[in-house]
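Reviewing the structure listed below.
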Amino acid sequence: MIRVAAVGDIHMGPDSQGTLRPSFEKLPECADVLLLAGDLTRHGTPEEAAVVAREIKDLGVPVVAVLGNHDHHDERPEEVTAILRDAGAHVLEGQAAVVTSDGARIGVAGTKGFGGGFVGRCAGEFGEPLMKEFVRYTRRCADGLHGALKDLEEWNCDVRIALTHFSPVPDTLAGEPPEIYPFLGSYLLAEAIDTGGADLAVHGHAHAGTEHGMTSGGVRVRNVAQPVIGQAFHVYHLPGRSG
Amino acid sequence: MTDASSPLTPAAENLDYRVAHLAEHLASGDCGELGVRLELRGDTVLLTGTVPSTQCRDDILRTAREELAGHPVHSDLLIAGTTSPDHGEDLT
């Protein structure tokens, strides 16, 4: 059995230092990996990223993260990424990482993702350049996720996990106003997950959403935004290759 | 058609727009808060959602009361939980 801990939307700032660390220090007892589903900071400043870095450094389990829209707000995502990597985290954008625990190979493919909406209620790549770029940006994120999942297929993993900030499905948005669904996720991410192959998809972003969902291809989806799960992280038990 | 007995509210006093501007200011403020829902209940504004810290909650409530002066502001804001779970979800 492989144990996956995950949380997103921890929105750390100067007043947050030490709030999650006591719970994170229990991770080696209950999890093989910690996934961070974006919006780790409030404004994406290096100072806020340093708070997160101190919270996750030397936890005793591998940490794999994607950034969220808040982590881009200060327009220095490369600096935020570098600070988190210095603390030992794998930070993914259209990339994959494999971490090991007791011999199990846990593959994670990640992208921030973006919006656009869901089948029948979505933006199209049409009209003004800004509108086309909106959809094309989401498509590039989804293509990166698909390619990363395909990489994992070749890297002999026991489980494959898709990690995003934006949601791949509307199920886990239940509780949010339907009018804002197109700003919370995109079916392009779900299509990438279903065609690339994954055992679990984890995302954040939708604070008023719900935890449980599933893609139309049958991949289970979990919204781990901290306001949704109400704890420092949740843990999911997945079968290893031998069951 | 306009009812002459109830003149239109000047835009600057319109509570709808004041609430919309408050949402913009909360997003651009120190907490960068986009997760607070601001809902009108008659003449009252209700704040709901989960925020990262007590400092954020207090900042948001102070800002809301300043910007919506003249209207009651009720807060049901929660602080994000930081405990660790005592069990995992079985997906095997």
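All of the numbers you see were taken from the coordinates with simple rules; none came from a lab. Predicted model, so just to flag it, every value in this text is computed and none were measured. Reconstructed Cβ throughout: ideal geometry from the backbone, glycine too, with neighbour counts over all protein chains shown.
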Worksheet item: Using mean Cβ contacts within 10 Å as the protection proxy, how do B:16-23, A:66-73 order, highest first?
Response: A:66-73, B:16-23
Response to the item:
Exposure proxy check on A:Phe114, A:Phe183: fewest-to-most Cβ neighbours within 10 Å is A:Phe183, A:Phe114
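What average number of partner chain Cβ atoms lie no more than 10 Å from the Cβ of the residues making up B:72-84? Walk me through the numbers on the way to the answer.
Details: counts 0, 0, 0, 0, 0, 0, 2, 2, 16, 7, 15, 7, 16.
Other-chain Cβ atoms within 10 Å of each residue's Cβ, averaged: 5.
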Response to the item:
In whole Hz, the Karplus estimates of ³J(HN,Hα) for region B:30-43 (6.51, -1.76, 1.60; θ = phi - 60°; x where Gly or Pro) are 4, 8, x, 8, 10, x, 8, 8, 10, 10, 7, 10, x, 8
Worksheet item: Per the helix-only calculation at 222 nm, which mean residue ellipticity applies to chain B, given -39500 (n - 2.57) for every DSSP H run of n ≥ 4 and division by its residues, nearest 500 deg cm²/dmol?
Response: -10000 deg cm²/dmol
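Averaged across B:33-43, how many Cβ atoms of other chains sit within 10 Å of each residue's Cβ atom?
2
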Item to complete: Decide, for region A:119-243, between rounded, prolate and oblate: order the square roots of the alpha carbon gyration tensor eigenvalues as a ≥ b ≥ c, take rounded if a/c falls under 1.5, and otherwise choose prolate if a/b is larger than b/c, else oblate.
Response: oblate
Item to complete: Name the residue, out of A:Asp15, A:Asp158, A:Asp32, whose mean-square fluctuation peaks in a Gaussian network model built on chain A with Cα pairs under 10 Å.
Response: A:Asp15
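Calculate the FRET efficiency for B:Leu78 and A:Thr100 from the Cβ-Cβ distance with a Förster distance of 51 Å, rounded to the nearest 0.05.
Numbers: r = 38 Å, r/R0 = 0.74.
The computed FRET efficiency comes out at 0.85.
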Worksheet item: Most mobile of A:His203, A:His212, A:His165 per a Gaussian network model of chain A (Cα springs, under 10 Å)?
Response: A:His212
Discussion item. Testing the spin-label approximation: label points 7 Å from Cα along Cα→Cβ at A:Glu75 and A:Val119. State their distance in nm.
Written reply: 3.9
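From the square roots a ≥ b ≥ c of the eigenvalues of the alpha-carbon gyration tensor of the protein assembly as shown, which class results: rounded (a/c under 1.5), prolate (a/b over b/c), or oblate?
Working: a/c = 2.07, a/b = 1.53, b/c = 1.35.
The shape class here is prolate.
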Worksheet item: With each run of n ≥ 4 DSSP H residues scored as -39500 (n - 2.57), what mean residue ellipticity at 222 nm is computed for chain A after dividing by its residue count and rounding to the nearest 500 deg cm²/dmol?
Response: -8500 deg cm²/dmol
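Quickly rank A:191-201, B:50-60 as a protection proxy: mean count of other C-beta atoms within 10 Å, highest first. Before the final figure, lay out each step's value.
Working: A:191-201: 22.1, B:50-60: 19.9.
Going from most to least packed, we get A:191-201, B:50-60.
Just how large is the dipole of region B:39-92 about the Cα centre, in debye to the nearest 20, putting +1 at every Lys and Arg Cβ and -1 at every Asp and Glu Cβ?
Values: 4 positive and 10 negative charges, 53 e Å.
Using Cβ point charges on Lys, Arg, Asp and Glu, region B:39-92 gives about 260 debye.
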Fill in: Distance between modelled label sites at A:His237 and A:Met214, nm, 7 Å Cα→Cβ extension
2.0
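Sort A:Thr164, B:Thr82, B:Thr44, A:Thr81 so that the residue with the fewest other Cβ atoms within 10 Å of its own Cβ comes first and the one with the most comes last. Write out the running numbers ahead of the final one.
Values: A:Thr164 33, B:Thr82 22, B:Thr44 13, A:Thr81 19.
Neighbour counts put them in this order, fewest first: B:Thr44, A:Thr81, B:Thr82, A:Thr164.
How many Cβ atoms of partner chains, on average, are near each residue of A:224-233 if near means within 10 Å of its Cβ? Spell out each step's value before the answer.
Numbers: counts 0, 3, 5, 9, 2, 3, 7, 7, 6, 4.
Across the residues of A:224-233, the mean count of other-chain Cβ atoms within 10 Å is 5.
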Fill in: Choice from B:Glu13, B:Glu24, B:Glu39 showing the highest fluctuation, given a GNM over chain B with Cα pairs closer than 10 Å
B:Glu13
Item to complete: Can you tell me which of A:167-173, A:133-139, A:119-125 comes out highest on packing, and rank the rest after it, using the mean Cβ neighbours within 10 Å?
Response: A:167-173, A:133-139, A:119-125
Discussion item. Under 5 Å between amide hydrogens, which residues at least 5 positions from A:Ser101 or on another chain qualify, with H placed 1.01 Å from N in the peptide plane?
Written reply: A:Ile106
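Hey, fewest Cβ within 10 Å first, where do A:Glu153, A:Glu179 land in order? Walk me through the numbers on the way to the answer.
Numbers: A:Glu153 15, A:Glu179 7.
By the 10 Å Cβ count, ascending: A:Glu179, A:Glu153.
How big is the Kirkwood radius of region B:13-79, worked out from every pair of different alpha carbons and given in Å to one decimal? All intermediate terms of the calculation are to be shown ahead of the outcome.
Working: mean 1/r = 0.0857 Å⁻¹.
Value: 11.7 Å, from the Cα pair sum.
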Worksheet item: With a ≥ b ≥ c the root eigenvalues of the C-alpha gyration tensor of region A:27-131, is it rounded (a/c under 1.5), prolate (a/b larger than b/c) or oblate?
Response: oblate
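Report the full-extension gain for the segment A:Met131 to A:Asp58: residue separation times 0.36 nm, less the Cα-Cα distance, to one decimal in nm.
Values: separation 73, 0.36 × 73 = 26.28 nm, distance 4.27 nm.
Result for the pair: 22.0 nm of gain on full extension.
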Worksheet item: Taking the simple approach of a point 7 Å from Cα along Cα-to-Cβ for both B:His87 and B:Arg65, what is their distance in nm?
Response: 4.2
